[in-house]
Amino acid sequence: MARFVNVAIGQLGPIAKNEPRSAVVARLAALMRQAHAQGSDLIVYPELALTTFFPRWYMEDQAEIDCYFEREMPGRETQPLFDLARELRVGFYLGYAELAVENGVTHRYNTSILVDRSGAIVSKYRKVHLPGHAEHEPWRAFQHLEKRYFEPGSRFGVVDAFGGVIGMAICNDRRWSETYRIMGLQGVEMVLIGYNTPRHNPPAPEHDDLSLFHNQLVMQAGAYQNGSFVVGVAKAGVEEGVDQIGGSCIVAPSGEIVAACITKGDEIALARCDLDLCNSYKRTTFNFDIHRQPQAYGMIVERRGQYLMADGTPVPKKK
Ligand code: CDT
(Lines give C-alpha, C1' and ligand atoms only; values in the text may rest on other atoms or scores of the structure.)
Protein backbone atom coordinates (compact mmCIF):
# COMPACT_ATOMS: atom_id res chain seq x y z
CA MET A 1 0.00 0.00 0.00
CA ALA A 2 1.38 3.43 -0.94
CA ARG A 3 2.44 5.60 1.97
CA PHE A 4 1.81 9.28 1.39
CA VAL A 5 2.13 12.07 3.97
CA ASN A 6 0.69 15.43 3.01
CA VAL A 7 3.07 17.75 4.82
CA ALA A 8 2.68 21.48 5.29
CA ILE A 9 5.41 23.91 6.17
CA GLY A 10 4.00 26.30 8.79
CA GLN A 11 6.49 29.15 8.44
CA LEU A 12 6.17 32.07 10.85
CA GLY A 13 7.13 35.67 10.35
CA PRO A 14 8.58 37.59 13.30
CA ILE A 15 7.17 37.32 16.82
CA ALA A 16 7.48 40.53 18.84
CA LYS A 17 8.89 40.43 22.37
CA ASN A 18 5.58 41.58 23.82
CA GLU A 19 3.37 39.37 21.66
CA PRO A 20 1.26 37.18 24.00
CA ARG A 21 1.27 33.38 23.61
CA SER A 22 -2.45 33.53 22.83
CA ALA A 23 -1.78 35.71 19.75
CA VAL A 24 0.98 33.39 18.56
CA VAL A 25 -1.22 30.33 19.06
CA ALA A 26 -3.92 32.07 17.00
CA ARG A 27 -1.37 32.52 14.18
CA LEU A 28 -0.38 28.84 14.43
CA ALA A 29 -4.04 27.84 14.34
CA ALA A 30 -4.68 29.97 11.24
CA LEU A 31 -1.82 28.20 9.47
CA MET A 32 -3.19 24.82 10.59
CA ARG A 33 -6.62 25.68 9.17
CA GLN A 34 -5.03 26.63 5.82
CA ALA A 35 -3.03 23.41 5.80
CA HIS A 36 -6.16 21.40 6.57
CA ALA A 37 -8.08 23.12 3.77
CA GLN A 38 -5.41 21.86 1.40
CA GLY A 39 -5.49 18.30 2.66
CA SER A 40 -2.50 18.20 5.05
CA ASP A 41 -1.93 15.42 7.57
CA LEU A 42 0.90 17.22 9.33
CA ILE A 43 2.08 20.81 9.77
CA VAL A 44 5.61 21.66 10.84
CA TYR A 45 6.22 24.87 12.82
CA PRO A 46 9.57 26.55 13.62
CA GLU A 47 11.97 26.27 16.55
CA LEU A 48 10.88 28.24 19.67
CA ALA A 49 7.62 28.94 17.88
CA LEU A 50 5.71 30.38 20.84
CA THR A 51 7.91 33.40 21.58
CA THR A 52 10.43 35.73 20.08
CA PHE A 53 13.94 34.23 19.75
CA PHE A 54 14.99 35.30 23.26
CA PRO A 55 18.61 33.96 23.22
CA ARG A 56 19.48 37.16 21.34
CA TRP A 57 19.39 38.99 24.69
CA TYR A 58 21.66 38.65 27.70
CA MET A 59 19.58 38.25 30.86
CA GLU A 60 20.61 37.47 34.45
CA ASP A 61 17.22 37.45 36.15
CA GLN A 62 16.08 33.81 36.08
CA ALA A 63 12.45 34.83 36.55
CA GLU A 64 12.68 37.01 33.43
CA ILE A 65 14.31 34.16 31.49
CA ASP A 66 11.72 31.64 32.66
CA CYS A 67 8.89 33.75 31.20
CA TYR A 68 9.94 32.34 27.82
CA PHE A 69 9.66 28.71 28.99
CA GLU A 70 6.72 26.30 29.07
CA ARG A 71 6.27 24.34 32.30
CA GLU A 72 3.71 22.00 30.81
CA MET A 73 2.72 20.92 27.33
CA PRO A 74 -0.03 21.35 26.50
CA GLY A 75 -0.49 24.27 28.85
CA ARG A 76 -3.39 26.66 29.22
CA GLU A 77 -2.34 28.78 26.23
CA THR A 78 -1.31 25.93 23.93
CA GLN A 79 -4.27 23.62 24.61
CA PRO A 80 -6.36 25.25 21.81
CA LEU A 81 -3.78 24.12 19.24
CA PHE A 82 -4.04 20.52 20.46
CA ASP A 83 -7.84 20.77 20.39
CA LEU A 84 -7.77 22.09 16.84
CA ALA A 85 -5.39 19.31 15.76
CA ARG A 86 -7.82 16.71 17.09
CA GLU A 87 -10.80 18.45 15.48
CA LEU A 88 -9.15 18.82 12.06
CA ARG A 89 -7.11 15.60 12.31
CA VAL A 90 -3.91 17.44 11.48
CA GLY A 91 -0.76 16.53 13.41
CA PHE A 92 2.00 19.02 14.17
CA TYR A 93 5.66 19.55 15.07
CA LEU A 94 6.14 22.44 17.50
CA GLY A 95 9.34 23.93 18.90
CA TYR A 96 9.32 25.59 22.33
CA ALA A 97 11.48 26.30 25.37
CA GLU A 98 10.87 23.53 27.91
CA LEU A 99 11.28 23.82 31.68
CA ALA A 100 11.24 20.32 33.13
CA VAL A 101 11.56 19.30 36.77
CA GLU A 102 12.93 15.75 36.89
CA ASN A 103 13.73 14.05 40.21
CA GLY A 104 13.51 17.44 41.89
CA VAL A 105 16.05 19.04 39.52
CA THR A 106 15.11 21.82 37.09
CA HIS A 107 16.27 21.47 33.49
CA ARG A 108 15.79 23.80 30.55
CA TYR A 109 15.83 22.53 26.98
CA ASN A 110 15.23 23.77 23.45
CA THR A 111 12.58 21.19 22.60
CA SER A 112 10.24 20.03 19.86
CA ILE A 113 7.28 17.69 20.05
CA LEU A 114 5.44 15.66 17.47
CA VAL A 115 1.69 15.54 17.93
CA ASP A 116 -0.42 13.00 16.04
CA ARG A 117 -3.80 13.53 14.35
CA SER A 118 -5.64 12.70 17.57
CA GLY A 119 -3.86 15.54 19.38
CA ALA A 120 -1.57 13.22 21.39
CA ILE A 121 2.16 13.88 21.85
CA VAL A 122 3.95 10.89 20.29
CA SER A 123 7.57 12.05 20.50
CA LYS A 124 9.71 14.69 22.19
CA TYR A 125 13.18 15.83 21.10
CA ARG A 126 15.65 18.06 22.99
CA LYS A 127 18.12 19.99 20.85
CA VAL A 128 21.57 18.42 20.88
CA HIS A 129 23.74 20.96 19.02
CA LEU A 130 23.31 24.25 20.90
CA PRO A 131 25.08 27.05 19.01
CA GLY A 132 26.44 30.33 20.29
CA HIS A 133 27.97 31.17 23.65
CA ALA A 134 27.23 31.18 27.39
CA GLU A 135 28.57 34.59 28.49
CA HIS A 136 27.71 38.14 27.45
CA GLU A 137 29.73 39.18 24.40
CA PRO A 138 29.04 42.92 24.02
CA TRP A 139 31.00 43.19 20.74
CA ARG A 140 28.23 41.31 18.93
CA ALA A 141 25.40 43.22 17.24
CA PHE A 142 23.12 40.75 19.07
CA GLN A 143 23.73 37.78 21.33
CA HIS A 144 23.23 34.06 20.65
CA LEU A 145 23.03 32.68 24.19
CA GLU A 146 21.62 29.20 23.67
CA LYS A 147 24.57 27.73 25.61
CA ARG A 148 23.54 29.91 28.57
CA TYR A 149 19.80 29.26 28.62
CA PHE A 150 19.60 25.57 27.64
CA GLU A 151 21.33 22.33 28.40
CA PRO A 152 21.89 19.99 25.47
CA GLY A 153 19.71 16.99 24.76
CA SER A 154 21.34 13.60 24.55
CA ARG A 155 19.83 11.60 21.71
CA PHE A 156 18.27 11.53 18.27
CA GLY A 157 15.34 9.14 18.25
CA VAL A 158 12.74 8.25 15.64
CA VAL A 159 9.11 7.28 16.00
CA ASP A 160 6.60 5.35 13.91
CA ALA A 161 3.97 7.95 13.04
CA PHE A 162 2.01 9.21 10.04
CA GLY A 163 2.58 5.84 8.34
CA GLY A 164 6.37 6.19 8.35
CA VAL A 165 9.49 6.61 10.45
CA ILE A 166 9.73 10.22 11.63
CA GLY A 167 12.68 12.02 13.25
CA MET A 168 13.12 15.49 14.68
CA ALA A 169 16.00 17.96 14.89
CA ILE A 170 16.23 21.67 15.70
CA CYS A 171 17.98 24.44 13.81
CA ASN A 172 21.75 24.15 14.29
CA ASP A 173 21.40 20.34 14.31
CA ARG A 174 20.73 20.53 10.58
CA ARG A 175 24.32 21.62 9.90
CA TRP A 176 25.77 18.40 11.36
CA SER A 177 25.90 15.24 9.28
CA GLU A 178 25.77 13.14 12.47
CA THR A 179 22.21 14.35 13.09
CA TYR A 180 20.87 12.80 9.92
CA ARG A 181 23.07 9.70 10.00
CA ILE A 182 22.07 8.69 13.52
CA MET A 183 18.44 8.88 12.45
CA GLY A 184 19.28 7.30 9.09
CA LEU A 185 20.65 4.30 10.98
CA GLN A 186 17.21 4.02 12.61
CA GLY A 187 15.50 4.04 9.21
CA VAL A 188 14.23 7.60 9.25
CA GLU A 189 12.00 8.55 6.34
CA MET A 190 11.19 12.14 7.24
CA VAL A 191 13.24 14.53 9.39
CA LEU A 192 11.34 17.56 10.73
CA ILE A 193 13.43 20.65 11.55
CA GLY A 194 12.38 24.07 12.84
CA TYR A 195 14.87 26.92 12.84
CA ASN A 196 15.65 30.58 13.72
CA THR A 197 18.69 31.62 11.71
CA PRO A 198 19.92 35.21 11.76
CA ARG A 199 21.24 36.26 8.36
CA HIS A 200 24.21 37.90 10.10
CA ASN A 201 26.61 35.59 11.92
CA PRO A 202 28.69 37.90 14.17
CA PRO A 203 31.78 35.64 14.47
CA ALA A 204 31.85 35.01 10.70
CA PRO A 205 30.23 37.91 8.80
CA GLU A 206 31.87 36.61 5.62
CA HIS A 207 29.22 33.85 5.70
CA ASP A 208 26.27 36.26 5.75
CA ASP A 209 25.67 36.25 2.01
CA LEU A 210 25.78 32.43 2.04
CA SER A 211 23.24 31.88 4.81
CA LEU A 212 20.40 30.72 2.54
CA PHE A 213 22.76 28.63 0.45
CA HIS A 214 24.11 26.87 3.56
CA ASN A 215 20.56 26.29 4.78
CA GLN A 216 19.65 24.42 1.61
CA LEU A 217 23.03 22.74 1.25
CA VAL A 218 22.88 20.94 4.60
CA MET A 219 19.25 19.85 4.34
CA GLN A 220 19.61 18.63 0.76
CA ALA A 221 22.76 16.68 1.64
CA GLY A 222 21.17 15.21 4.77
CA ALA A 223 18.14 14.07 2.80
CA TYR A 224 20.06 12.48 -0.07
CA GLN A 225 22.76 10.79 2.02
CA ASN A 226 20.15 9.10 4.20
CA GLY A 227 17.35 8.51 1.70
CA SER A 228 14.90 10.63 3.68
CA PHE A 229 12.60 13.58 3.29
CA VAL A 230 13.69 16.68 5.23
CA VAL A 231 11.23 19.41 6.17
CA GLY A 232 12.91 22.66 7.25
CA VAL A 233 10.78 25.48 8.65
CA ALA A 234 11.90 29.01 9.52
CA LYS A 235 10.84 31.75 11.83
CA ALA A 236 11.69 34.41 9.27
CA GLY A 237 11.84 38.15 8.80
CA VAL A 238 13.03 41.05 10.91
CA GLU A 239 12.35 40.12 14.52
CA GLU A 240 13.22 42.73 17.16
CA GLY A 241 15.72 44.27 14.73
CA VAL A 242 17.40 40.98 13.72
CA ASP A 243 16.96 39.79 10.14
CA GLN A 244 16.26 36.04 10.09
CA ILE A 245 16.39 33.96 6.93
CA GLY A 246 13.35 32.29 5.42
CA GLY A 247 14.07 29.52 2.95
CA SER A 248 11.62 27.03 4.46
CA CYS A 249 11.41 23.99 2.21
CA ILE A 250 10.65 20.31 1.83
CA VAL A 251 13.48 18.20 0.41
CA ALA A 252 12.85 14.80 -1.21
CA PRO A 253 15.19 11.80 -0.72
CA SER A 254 16.66 12.68 -4.12
CA GLY A 255 17.95 15.89 -2.56
CA GLU A 256 15.57 17.97 -4.68
CA ILE A 257 13.45 20.73 -3.18
CA VAL A 258 9.80 19.86 -3.81
CA ALA A 259 8.08 22.75 -2.00
CA ALA A 260 9.27 26.07 -0.64
CA CYS A 261 8.01 29.28 0.94
CA ILE A 262 8.50 32.48 -0.98
CA THR A 263 7.89 35.14 1.70
CA LYS A 264 9.41 35.92 5.10
CA GLY A 265 6.04 36.00 6.86
CA ASP A 266 3.40 33.53 8.03
CA GLU A 267 3.05 31.19 5.08
CA ILE A 268 2.32 27.58 4.27
CA ALA A 269 3.79 25.45 1.49
CA LEU A 270 2.84 21.83 0.91
CA ALA A 271 4.06 18.62 -0.63
CA ARG A 272 2.48 15.19 -0.98
CA CYS A 273 5.41 13.03 0.15
CA ASP A 274 5.55 9.43 -1.02
CA LEU A 275 7.58 7.77 1.72
CA ASP A 276 8.35 4.84 -0.57
CA LEU A 277 10.60 7.17 -2.58
CA CYS A 278 13.07 6.66 0.28
CA ASN A 279 13.49 3.00 -0.69
CA SER A 280 15.22 3.68 -3.95
CA TYR A 281 18.06 5.39 -2.03
CA LYS A 282 18.06 3.19 1.08
CA ARG A 283 18.28 0.01 -1.05
CA THR A 284 20.93 1.14 -3.54
CA THR A 285 23.55 3.89 -3.16
CA PHE A 286 22.91 4.30 0.57
CA ASN A 287 22.23 0.70 1.51
CA PHE A 288 24.03 1.00 4.84
CA ASP A 289 24.15 -2.75 5.48
CA ILE A 290 26.07 -3.36 2.27
CA HIS A 291 28.22 -0.25 1.95
CA ARG A 292 28.99 1.33 5.33
CA GLN A 293 32.41 0.62 6.86
CA PRO A 294 31.97 1.34 10.58
CA GLN A 295 35.41 -0.01 11.44
CA ALA A 296 36.83 3.07 9.69
CA TYR A 297 34.61 5.55 11.55
CA GLY A 298 35.79 5.14 15.16
CA MET A 299 37.13 8.69 15.41
CA ILE A 300 33.60 10.04 14.97
CA VAL A 301 32.75 9.02 18.52
CA GLU A 302 36.23 8.88 20.03
CA ARG A 303 37.03 12.53 19.27
CA ARG A 304 35.04 15.69 19.72
CA GLY A 305 37.22 17.86 17.47
CA GLN A 306 40.61 18.39 15.93
CA TYR A 307 42.41 19.14 19.21
CA LEU A 308 42.80 22.85 18.49
CA MET A 309 44.48 25.31 20.85
CA ALA A 310 42.37 28.18 22.20
CA ASP A 311 43.62 30.38 19.32
CA GLY A 312 42.51 27.79 16.75
CA THR A 313 45.96 26.44 15.87
CA PRO A 314 46.55 22.65 16.06
CA VAL A 315 47.90 21.19 19.29
CA PRO A 316 51.61 20.43 18.61
CA LYS A 317 52.22 16.73 17.96
CA LYS A 318 54.24 14.82 20.60
CA LYS A 319 57.80 14.07 19.37
N1 CDT B 1 18.81 28.72 16.44
C2 CDT B 1 19.95 28.27 15.89
O3 CDT B 1 20.39 27.17 16.17
N4 CDT B 1 20.57 29.13 15.06
C5 CDT B 1 21.84 28.82 14.49
C6 CDT B 1 22.63 30.07 14.23
C7 CDT B 1 24.02 29.74 13.96
S8 CDT B 1 24.78 30.95 13.05
C9 CDT B 1 25.57 30.00 11.84
C10 CDT B 1 21.74 28.07 13.18
O11 CDT B 1 22.46 27.09 13.02
O12 CDT B 1 21.01 28.47 12.29
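The values are calculated or read from the model by the stated rules, or taken from the named source; none is laboratory data. Since we're looking at a predicted model, the values are computed, not measured. Glycine gets a Cβ as well: all are built from the backbone with ideal geometry, and neighbour counts include every protein chain shown. Just the protein is used for accessible areas: all its heavy atoms, side chains included, with ligands, DNA and RNA removed. Shrake-Rupley method; radii C 1.70, N 1.55, O 1.52, S 1.80 Å.
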What accessible area per residue, rounded to a whole number of Å², is obtained for the chain using a probe radius of 1.4 Å?
-> 47
State log₁₀ I(q)/I(0) for the range 4-129 at q = 0.10 Å⁻¹ as given by the Debye formula over alpha-carbon point scatterers of equal weight, solvent excluded.
-> -0.31
Consider all pairwise Cα distances in the chain and report the whole-number % of them above 38 Å.
-> 13
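To the nearest 0.05, how large is the calculated FRET efficiency for residue 71 and residue 207 if R₀ is 30 Å and r is the Cβ-Cβ distance?
Calculated transfer efficiency: 0.25.
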How much length is gained on full extension from residue 87 to residue 101, taking 0.36 nm per residue of separation minus their Cα-Cα distance?
-> 2.0 nm
Whole-Å distance, taken between Cα centres, linking the range 1-78 and the range 216-273 | 16
Per-residue SASA entry for residue 290, accessible area with 1.4 Å probe, Å² rounded to 10 | 110
What net charge is computed for the residues neighbouring residue 57, neighbours being all others with C-beta under 13 Å from the C-beta of residue 57, Lys and Arg scored +1, Asp and Glu -1?
-> -3
To the nearest 20 debye, what is the magnitude of the charge dipole of the chain about its Cα centre, counting +1 on the Cβ of each Lys and Arg and -1 on the Cβ of each Asp and Glu?
-> 840
In the range 234-309, which chymotrypsin sites (Phe, Trp or Tyr not before Pro) are in a loop and have at most 14 other Cβ atoms within 10 Å, using DSSP for the loop call?
-> 297, 307
Please go through the residue pairs 17/124; 127/264; 124/147; 235/282 and name each one whose alpha carbons sit more than 22 Å apart in this structure.
-> 17/124; 127/264; 235/282
Residue-span extension gain [residue 279 to residue 139] - 0.36 nm each, minus C-alpha spacing | 45.5 nm
MRE, 222 nm, helices only [DSSP H, n ≥ 4, -39500 (n - 2.57), over the chain, to nearest 500] = -6500 deg cm²/dmol
On the accessible surface of the chain, probed at 1.4 Å with all protein chains in place, carbon and sulfur together account for a percent value of 53
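If I stretch the segment between residue 288 and residue 199 completely, what's the gain in nm (0.36 nm per residue apart, minus their alpha carbon distance), one decimal?
On the way: separation 89, 0.36 × 89 = 32.04 nm, distance 3.55 nm.
Separation in residues times 0.36 nm, less the Cα-Cα distance, equals 28.5 nm.
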Taking GluC sites (Glu not before Pro) as exposed when in a DSSP loop with at most 16 other Cβ atoms inside 10 Å, the chain has its longest clean stretch at 136-239
